[in-house]
Amino acid sequence: MTVVLMVLLFGMLVAGVPIYMTLALSSAGALMWGGTVGGEAIIQRMIAGIDKFSIMAVPFFMFCADIMAQGEIGKRLINVCKAFFGHMHGGLAIATTVACLIFGAISGAGSAAVVAVGGIVYVLMKEGNYDEKFSLGLILTTSTLAMLIPPSIAYILYANITGDSINTLFISGLEGGLIFGLVLCVYSYLYARIKKIPVLPKAPWAERMKALKESLLSLGMIVIILGGIYGGICTATEAAAIACVYAILIEMVVYRSISPRQLFFISVKSAQTISMLMILIAAGSVLSWVMTIMQLPQLLANMLGGASWIVVFLLINVIFLIAGMFIDPNSAVIVLVPLVFPVAQAVGINSIQLATVIVINLAIGMLTPPFGLNLFVGTSVFKKSFSEIVPGVLPFIGISVIVLLFFMFIPALSLALPNLIA
């Protein structure tokens, strides 16, 4: 059965079969070859894989991100960040990083940040004499911080597989995202000083307060999501649903940036994306079930039983870095976490730390050729060729790998806040 599963799985991936079909068909083929279960059990397992209350947060957050990507919220976040940070060395770059952090705290979707924030700040950075390669690299990198900052979709999927607390994972992601963002801010500051990039005039407090006032409703989304979850008022799923309603009201009624017709088309597009992801989750749950039946995680754990935690952690990093280059982050979590999680547990790697390291790996993968997702989103948003975008992200990939190693060898970088509130 194991050989059949591997042959079907990798054969269909190489042949270009859609991932959800690859997962479902390879799993079904292996089970039927072994005569273990019938087809009806596979369907039942797929339904059980998505019949979970926590999973409902994923489509709500995705829909919310799609609404904001087409609306006014991103622009207002940039304005307030520019007003407060624009006068510093590297101020526009720092404002970009902060705006993406805030957008991530609202949407949890990295690619949406490229669309909502990237197109606006790219023009501002060009006008501010920033090098085009640096600007493209920074925007595409900072947008991946949304994968760490709660409400992160990747963390929700991870929790669904491992059974960890979503709230604890979110706190770890918040700590990791802020540290990662701080590193990018420091790099931007040093870059601007070395390149002697002129600073913007310091905005008077009246202008800052005006920008803050205009963005208050946008910032209120963070209060609703994080305040609701950690204040014990609502679950992550309920907060996601409330965020969707809030975003629609703000964009349509207050900002008037989205018409009913536009909302319809946004809903249709979002529904298509959500449907594909839910099918993927369902198919992934079947693959996870099949691997459990075949005891593949236990077999891998036994093979690496004599290895140190460092070797196992490095191997996990390599697996997810490579996976991030070829498939989207959500698919990587669904397919690979069931396989590596038991191995990590066997050598004593903390589950929460593992989650943050995996998400950082996938964030790097979104930037890495040949198939990094953000690279292709960037070609569409910035109207640049693939070869024009890649050189800009290479220095940031190097910085990100250094950050990854720090998170791997210093558990406190992802566990300090969770331990503090435990």
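The values are calculated or read from the model by the stated rules, or taken from the named source; none is laboratory data. The shown structure was predicted, so the numbers you read here are calculated from the model rather than taken from an experiment. All Cβ positions, even for glycine, are placed from backbone atoms using ideal geometry, and neighbour counts span all protein chains on display. Surface accessibility is based on the protein's heavy atoms, side chains included, excluding ligands, DNA and RNA. Shrake-Rupley method; radii C 1.70, N 1.55, O 1.52, S 1.80 Å.
For the reader, a short list of remarks on this structure follows.
- Some residue of the range 299-311 being surrounded by 19 or more Cβ atoms within 10 Å (Cβ to Cβ) and either touching a Leu at 6+ places or on another chain (Cβ under 8 Å) or at pLDDT 80 or above (or both): no
- Selection count where residues are touching a Pro at 6+ places or on another chain (Cβ under 6 Å), of a type outside the set (Val, Ile, Thr) and farther than 15 Å from residue 405 by Cβ, scope the range 351-366: 1
- Any hit, the range 373-384, residues being open to solvent by 30 Å² or more (accessible area, probe 1.4 Å) and in contact with an Asp or Glu (Cβ under 8 Å, 6 or more places away or on another chain): yes
- Among the residues of the range 387-422, those that are of a type in the set (Phe, Trp, Tyr) and either open to solvent by 70 Å² or more (accessible area, probe 1.4 Å) or outside any helix (DSSP H, G or I) (or both) comprise 406, 409.
- Selected residue [touching a Phe, Trp or Tyr at 6+ places or on another chain (Cβ under 6 Å), of a type outside the set (Lys, Arg) and closer than 23 Å to residue 139 by Cβ] from 374, 361: 361
- Applying the set (1) under 16 Å from residue 21 (Cα atoms); (2) open to solvent by 30 Å² or more (accessible area, probe 1.4 Å); (3) aliphatic (A, V, I, L, M) to residue 281 leaves exactly one unmet item: (2).
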